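Enquirer: My structure is below; once you've seen it, I'll send some questions.
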Amino acid sequence: GAGVSQSPRYKVAKRGQDVALRCDPISGHVSLFWYQQALGQGPEFLTYFQNEAQLDKSGLPSDRFFAERPEGSVSTLKIQRTQQEDSAVYLCASAGTVNGEQYFGPGTRLTVT
Amino acid sequence: GNSVTQMEGPVTLSEEAFLTINCTYTATGYPSLFWYVQYPGEGLQLLLKATKADDKGSNKGFEATYRKETTSFHLEKGSVQVSDSAVYFCALSDPGGSQGNLIFGKGTKLSVKP
């Protein structure tokens, strides 16, 4: 069966540009997480959705970061006015139940030049 | 706050050698503990987990025991293979939350030579 997919896999943006990163979770999965993984570091939590509700956005580093999941399925992470420090791999994970095992996508590697 | 510390890599071993990757944690409450593996070019995969003290998680020859007294969850394998070359992440689920978001260590890169 299909796992979690993310697109694009690689994105190069000039500083100041806006970007949108897409996550297609496993069908029917209730929970969806976004993580940010800087080079040489472990993933860090950004935000959590339960169905279409964004229940936790405590990890978003600034108000330039915005995430949505309007129909409780596909999610988009948007970064406005990208900065060099935004360069990282952005990981999406979904889980079939609240607190269930998380299945990770391959990530989107964002490079801001 | 809650955190995970794991041994720094890279770790280079010969095939059939014994592997230990140390992981300790700081947490309020009683978190669940995990080891994730990231093979080259692939996404993170759950390797094993333990949900309470003295539980042992195991999978693919890897084992880790949840030690509350030493706040540790060390990963071990008796005989590594070249195919085990990957980055290994120790993680805990935030015990203060109900949604299960994970707190990760920095990762340990393992290279196994034939």
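The values are calculated or read from the model by the stated rules, or taken from the named source; none is laboratory data. Quantities reported herein were computed from a predicted structural model and do not represent experimental measurements. Cβ atoms come from the backbone with ideal geometry, glycine included; neighbour counts cover every protein chain shown.
Enquirer: Run B:Asp84 past the list (1) crowded, with 20+ Cβ neighbours inside 10 Å; (2) among the charged types (D, E, K, R); (3) within 18 Å of A:Gln41 (Cα to Cα) and report the number of the one that doesn't hold.
Expert: Unmet for B:Asp84, out of (1) crowded, with 20+ Cβ neighbours inside 10 Å; (2) among the charged types (D, E, K, R); (3) within 18 Å of A:Gln41 (Cα to Cα): (3).
Enquirer: Which one of these does A:Gly40 not meet: (1) small (Gly, Ala, Ser); (2) modelled with pLDDT under 95; (3) more than 23 Å from A:Thr113 (Cβ to Cβ)?
Expert: (3)
Enquirer: While we're here: Any residue at all in region B:105-113 that's at pLDDT 95 or above, in contact with a helix residue (DSSP H, G or I) (Cβ under 9 Å, 6 or more places away or on another chain), assigned to a loop (DSSP other than H, G, I, E, B) and not aliphatic (A, V, I, L, M)?
Expert: no
Residue-by-condition table, conditions (1) exposed (fewer than 14 other Cβ atoms within 10 Å of the Cβ); (2) within 30 Å of B:Glu8 (Cβ to Cβ):
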site: A:Gln6; (1), (2): no, yes
site: A:Arg9; (1), (2): yes, yes
site: A:Glu44; (1), (2): no, yes
site: A:Phe49; (1), (2): no, no
site: A:Gly59; (1), (2): no, yes
site: A:Asp63; (1), (2): yes, no
site: A:Leu77; (1), (2): no, yes
site: A:Ser94; (1), (2): no, no
site: A:Thr97; (1), (2): yes, no
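Enquirer: Please work out which residue is farthest from the chain's Cα centre (by Cα), limiting yourself to region B:23-49 and to residues that are surrounded by 14 or more Cβ atoms within 10 Å (Cβ to Cβ) and more than 13 Å from chain A (Cβ to nearest Cβ).
Expert: Result: B:Ala27.
Enquirer: Quick one: A:Ala53 ticks every box in (1) more than 12 Å from the chain's Cα centre (by Cα); (2) within 13 Å of chain B (Cβ to nearest Cβ); (3) closer than 21 Å to A:Ser7 by Cβ except a single one, so which number is it?
Expert: The one condition A:Ala53 does not meet is (3).
Enquirer: Then there is this: Give me the pairs: first residue in region A:1-21 and within 14 Å of chain B (Cβ to nearest Cβ), second residue modelled with pLDDT under 95 and exposed (fewer than 12 other Cβ atoms within 10 Å of the Cβ), beta-carbon distance under 7 Å, and six or more apart or on different chains, which are they?
Expert: Going by the 7 Å Cβ cut-off, there are no qualifying pairs.
Enquirer: What is the one condition in (1) part of a strand (DSSP E or B); (2) in contact with a Phe, Trp or Tyr (Cβ under 9 Å, 6 or more places away or on another chain); (3) over 16 Å from B:Ala91 (Cβ atoms) that A:Trp34 does not satisfy?
Expert: Exception for A:Trp34: condition (3).
Enquirer: Inside region B:22-47, can you point out the residues that are in a strand (DSSP E or B) and either more than 13 Å from B:Asp84 (Cα to Cα) or free of Cβ contacts under 8 Å to residues at least 60 places away in the same chain (or both)?
Expert: B:Cys23, B:Thr24, B:Tyr25, B:Thr26, B:Leu33, B:Phe34, B:Trp35, B:Val37, B:Gln45, B:Leu46, B:Leu47
Enquirer: Working only within region A:78-107, note down all residues that are under 10 Å from the mean Cα position of the chain (by Cα) and within 14 Å of chain B (Cβ to nearest Cβ).
Expert: A:Val89, A:Tyr90, A:Leu91, A:Cys92, A:Ala93, A:Gly105, A:Gly107, listed by residue number.
Enquirer: Find the residue count for region B:16-42, including only residues that are in contact with a strand residue (DSSP E or B) (Cβ under 6 Å, 6 or more places away or on another chain) and over 12 Å from B:Thr71 (Cβ atoms).
Expert: 10
Enquirer: Could you check how many residues of region B:48-73 are farther than 21 Å from A:Gln102 by Cα and outside any strand (DSSP E or B)?
Expert: 7
To keep it simple, each residue is scored yes or no on (1) farther than 22 Å from B:Gln99 by Cβ; (2) more than 8 Å from chain B (Cβ to nearest Cβ).
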| site | (1), (2) |
| --- | --- |
| A:Pro43 | no, no |
| A:Thr47 | no, yes |
| A:Phe66 | no, yes |
| A:Ser73 | no, yes |
| A:Thr76 | no, yes |
| A:Thr113 | yes, yes |
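Enquirer: Name the single residue that is farthest from A:Ser5 (Cα to Cα) among those in region B:28-53 being of a type in the set (Gly, Ala, Ser) and modelled with pLDDT under 90.
Expert: B:Gly29
Enquirer: Name the residue, out of B:Glu8, B:Glu76, that is under 27 Å from A:Gly105 (Cα atoms), of a type outside the set (A, V, I, L, M, F, W, C) and in a strand (DSSP E or B).
Expert: Sole residue among the options that is under 27 Å from A:Gly105 (Cα atoms), of a type outside the set (A, V, I, L, M, F, W, C) and in a strand (DSSP E or B): B:Glu76.
Enquirer: Given the options A:Ala88, A:Ala2, A:Ala38, A:Ala67, name the one that is within 21 Å of B:Glu42 (Cα to Cα) and buried (at least 18 other Cβ atoms within 10 Å of the Cβ).
Expert: One residue alone meets the criteria, A:Ala88.
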